[in-house]
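This report refers to the structure that appears directly beneath it.
The values are calculated or read from the model by the stated rules, or taken from the named source; none is laboratory data. No experiment lies behind these values; they were computed from the predicted model shown. Every residue, glycine as well, gets a Cβ built from its backbone with ideal geometry; the counts of neighbours run over all protein chains shown. Just the protein is used for accessible areas: all its heavy atoms, side chains included, with ligands, DNA and RNA removed. Shrake-Rupley method; radii C 1.70, N 1.55, O 1.52, S 1.80 Å.
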Amino acid sequence: MSIIVGYVPTPEGAAALEAAIAEARKNKSLLVIINSSRGDALVDKRYAQVEDIASIEERLKKEGIEHIIQQPVRGNDAATEVLQAAEQHRADLVVIGLRRRTPVGKLIMGSTSQQILLEADCPILAVKAAPAH
């Protein structure tokens, strides 16, 4: 059993990671964290820094959660990387974070989320970050 989470260093990414960790703990599943970049920009804010990944790694080790952290830079979009990982690891669940949207924005979901929802062969858990106060 494996759980794939698409992670970005944002509140939405943190919410997805928390949900994925909870599912992995509950089901004693392998947790596969995907944080990717196309590699087409000098700075990609969605690509986690070494310190961020080290913190996640340390936490998962302390909690005894079997895990793999991947940061591919292969020119693929994030949805493709998550979907490929789901196929490779025979995922039982994919967890993604969703941004809060305006009423107009709700008409069109983000392309990454939409692609994962439409193309994944397993259940998807889509979570939102807690509202900022």
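Tabulated data for the structure shown
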quantity	calculated
Hits in the range 110-133 (condition: closer than 15 Å to Glu87 by Cα and among the hydrophobic types (A, V, I, L, M, F, W, C))	Ile116, Leu117, Leu118, Ala120, Cys122, Ile124
Residues that are of a type in the set (A, V, I, L, M) and either more than 15 Å from Ala130 (Cα to Cα) or outside any helix (DSSP H, G or I) (or both), drawn from the range 3-25	Ile3, Ile4, Val5, Val8, Ala20, Ile21, Ala22, Ala24
Hits in the range 60-100 (condition: open to solvent by 70 Å² or more (accessible area, probe 1.4 Å), modelled with pLDDT of 95 or more and touching a strand residue (DSSP E or B) at 6+ places or on another chain (Cβ under 6 Å))	Glu66
Per-region count, the range 39-58, residues free of Cβ contacts under 8 Å to residues at least 12 places away in the same chain, of a type outside the set (Val, Ile, Thr) and not in a loop (DSSP other than H, G, I, E, B)	4
Residues located in the range 24-45, provided they are surrounded by 18 or more Cβ atoms within 10 Å (Cβ to Cβ) and more than 18 Å from Gln70 (Cα to Cα)	none
Counted residues, the range 21-43 - those being closer than 19 Å to Pro72 by Cα and under 16 Å from the mean Cα position of the chain (by Cα)	9
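Residue-by-condition table, conditions (1) free of Cβ contacts under 8 Å to residues at least 40 places away in the same chain; (2) among the hydrophobic types (A, V, I, L, M, F, W, C):
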residue	(1), (2)
Ser2	no, no
Ala16	no, yes
Asn35	yes, no
Pro72	yes, no
Ala91	no, yes
